[in-house]
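Here is the structure we will look at.
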Number of protein chains: 2
Amino acid sequence: MPRIEKMQSEQERKDQIKKAALKIFAEKGLVGTKMSMIAEEAGISQGLSYRYFESKDEIFALLVEEAIEESRKAIRDIAKFSGSPLEQLKAFTLQMLDENHRLYFLLVQQALTLEVVPSKAREAIERYSPQETIEQIIPIFVRGQQEGVFSEGDAYKQLILYFSVVNGLILQDAKVIGMDWTQEVDLLLKILMK
Amino acid sequence: MPRIEKMQSEQERKDQIKKAALKIFAEKGLVGTKMSMIAEEAGISQGLSYRYFESKDEIFALLVEEAIEESRKAIRDIAKFSGSPLEQLKAFTLQMLDENHRLYFLLVQQALTLEVVPSKAREAIERYSPQETIEQIIPIFVRGQQEGVFSEGDAYKQLILYFSVVNGLILQDAKVIGMDWTQEVDLLLKILMK
DNA sequence: GTCTATATATCGATAGAC
DNA sequence: GTCTATCGATATATAGAC
């Protein structure tokens, strides 16, 4: 008879470690994160993580892949969301700024920018280009342009700028003085509007 | 007779190491930067840096202080710059995005956000609050409001958002697809405008 | 399964040869 | 003045006790 309870526990343990690791990685980056920090955050001993994961790099790569998948999912969701182009972009922006998504975005940012990443994570990151995100949003933006809501001109260029701005805000949010950016999304969207 | 040539060489060596260190620190952060990376970037051996600087932390703290001084100088310059409030803010923004200033801004960002910084750098950073930057720009912004160029409402809040956005762009710039943000400053300024 | 103790690798910093 | 070799500290990863 299979001991389902035990299997659940193992998965829960893994999730517990991953959750702790995500928080620290997103804040401190790969090299800035020590396994002892992850262990402390998870409330376990330093050595125990290695019963559930092979290495620090493996955990990092795993989280990066999850983060990218989450990002893709967020883009798919925006298409389903019924509303004007402006409302769709606003909803997507709010989702990016959402507490649950922030850590993932920060992690990808770390992987994109800050360090020599493990080869597994490197591969995932290379497949995941900013262009990929933008290109899926272009149709929505163009529709907004046709309706006279968004500025004319190069859609790709404007969206790259916009999402750089949002990404930048997420990066800042963690540290800079407590401010609820979600209230300010309308200001950000002015970048794109006529 | 003093050997001026030798003294120049020593200072030049120091500057060479500092320049290399700034580039790596700005990209990788304090813990992500290895002394071997700095040495390689400067084209010297790993041990030689220690003839010119006491420690990695000392170089980092030194650069942070220089960066903050540069930032303060940029703010002083904007006041001297004659022009409309909009032109002044545009000039300041362009200066922030300028290649020569970017690395310094990135470094301060690293010190503000990513890690446990050496106590010397910590002190400099604590004296240098984002508020300090904002508060000096508020008068310019308010003048623009009175002239009907900028949006009404809380000047502090709007400027915090604006500079978070610019900081975010600088952070992205290093890695995201080659794009000359300076051409897009007018789009950014729309955040502040009516 | 979890912890403590330890082997191994890496990096900051120093010493010594040239 | 610069490099190479090495020490000491710290961190990753493993081994062994419970």
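Just the Cα atoms of the protein assembly as shown: what Rg and Dmax do they give in Å?
Over the protein assembly as shown's Cα set, Rg and Dmax evaluate to 23.0, 92 Å.
Straight-line reach from B:Lys28: which aspartates and glutamates have Cα under 15 Å away, leaving out those fewer than 8 places along the same chain?
Answer for B:Lys28, where 15 Å is the Cα cut-off: A:Glu27, A:Glu115, B:Glu40, B:Glu41, B:Asp57, B:Glu115, B:Asp173, listed by chain and number.
Per DSSP helix of 4 or more residues, -39500 (n - 2.57); summed, then divided by the residues of the protein assembly as shown. What does that give at 222 nm, rounded to the nearest 500? Walk me through the intermediate numbers first.
Details: 20 runs with 288 residues, N = 388.
Result for the protein assembly as shown, helices only: -24000 deg cm²/dmol.
Between A:Ser55 and the same site in the other copies, what are the distances in nm, shortest first, taking label points 7 Å from Cα along the C-beta direction?
So the distances to the same position in the other copies read 3.0 nm.
Can you list the copy-to-copy distances for A:Gln131, using a point 7 angstrom from Cα toward Cβ, in nanometres, shortest first?
Nearest to farthest, the other copies are at 4.6 nm.
Could you identify which residue out of B:Ile44, B:Ile17, B:Ile59 has the top mean-square fluctuation in a GNM of chain B using Cα springs shorter than 10 Å?
The residue with the greatest mean-square fluctuation here is B:Ile44.
What is the sum of charges around A:Glu58, taking Lys and Arg as +1, Asp and Glu as -1, for the other residues whose C-beta is under 12 Å from the C-beta of A:Glu58? Spell out each step's value before the answer.
Working: positive: A:Lys14, A:Lys18, A:Lys56, A:Lys120; negative: A:Glu54, A:Asp57, A:Glu65.
With Lys, Arg at +1 and Asp, Glu at -1, the net is +1.
Between the label point of B:Lys14 and that of the same position in each other copy, find the distances and list them shortest first in nm, with every label point placed 7 Å from Cα along the Cα-to-C-beta direction.
Here the equivalent label points are 5.5 nm apart from this one.
B:Val116 to B:Ser151: FRET efficiency via 1/(1 + (r/R0)^6), r the Cβ-Cβ distance, R0 35 Å, to the nearest 0.05?
Efficiency for this residue pair is about 0.35.
What does the charge add up to near A:Ala21, with Lys and Arg as +1, Asp and Glu as -1, over the other residues with Cβ less than 9 Å from its Cβ? Could you put the intermediate results ahead of the total?
On the way: positive: A:Lys18, A:Lys19, A:Lys23, A:Lys56; negative: A:Glu41.
Result for the local shell: +3.
What list of ³J(HN,Hα) couplings, whole Hz, do you get for the range A:183-191 from phi and the Karplus terms 6.51, -1.76, 1.60, once you set θ to phi - 60° and write x for glycine and proline?
6, 9, 4, 4, 5, 4, 5, 4, 4
From the phi angles alone, apply the Karplus equation (6.51, -1.76, 1.60; θ = phi - 60°) to the range A:87-97 and give each ³J(HN,Hα) in whole Hz, x where the residue is Gly or Pro.
Listing the rounded values in order: 5, 5, 5, 5, 4, 5, 4, 4, 5, 5, 7 Hz.
How much of the accessible area of chain B, probe 1.4 Å, is carbon plus sulfur, in whole percent? Write out the running numbers ahead of the final one.
Details: 4750 of 9510 Å².
With neighbouring chains kept in place, the figure for chain B is 50 percent.
Can you give the Rg to Rh ratio of the range B:4-189, both from alpha-carbon atoms, with Rh computed by the Kirkwood formula? Walk me through the intermediate numbers first.
Values: Rg = 18.4 Å, Rh = 17.9 Å.
Radius of gyration over Kirkwood radius for the range B:4-189 works out to 1.03.
Going by amide H atoms built from the backbone, whose H comes under 5 Å of the H on A:Ser151, apart from near neighbours?
Correct list: A:Met193, A:Lys194.
With θ set to phi - 60°, apply the Karplus curve 6.51 cos²θ - 1.76 cosθ + 1.60 along the range B:56-68 and write out the HN-Hα couplings as whole Hz, x wherever there is a Gly or Pro.
Using θ = phi - 60°, the values come out as 4, 4, 4, 4, 4, 4, 4, 5, 4, 4, 4, 5, 5 Hz.
Given a Förster distance of 30 Å, report the FRET efficiency between B:Asp57 and A:Glu54 from their Cβ-Cβ distance, rounded to the nearest 0.05.
Result of the calculation: an efficiency of 0.35.
Which pairs in the list A:Lys18/B:Lys157; B:Lys90/B:Lys194; A:Lys157/B:Lys190; A:Lys56/B:Lys120; A:Lys23/A:Lys80; A:Lys34/A:Lys157 are over 27 Å apart, alpha-carbon to alpha-carbon?
A:Lys18/B:Lys157; A:Lys56/B:Lys120; A:Lys23/A:Lys80; A:Lys34/A:Lys157
Roughly how much of B:Val116 is accessible, in Å² to the nearest 10, using a 1.4 Å probe?
110 Å²
If I ignore ligands, DNA and RNA and count only protein heavy atoms, how much of B:Lys14 is accessible to a 1.4 Å probe, in Å² to the nearest 10?
The accessible area comes out at roughly 60 Å².
The values are calculated or read from the model by the stated rules, or taken from the named source; none is laboratory data. Just so it is clear, the structure is predicted and the values come from calculations on it, not from any experiment. Because the Cβ atoms are built from the backbone with ideal geometry, glycine has one as well, and the counts that use them run over all protein chains shown. Remember, those area values only see protein heavy atoms, side chains included, never the ligands or the DNA or RNA. Shrake-Rupley method; radii C 1.70, N 1.55, O 1.52, S 1.80 Å.
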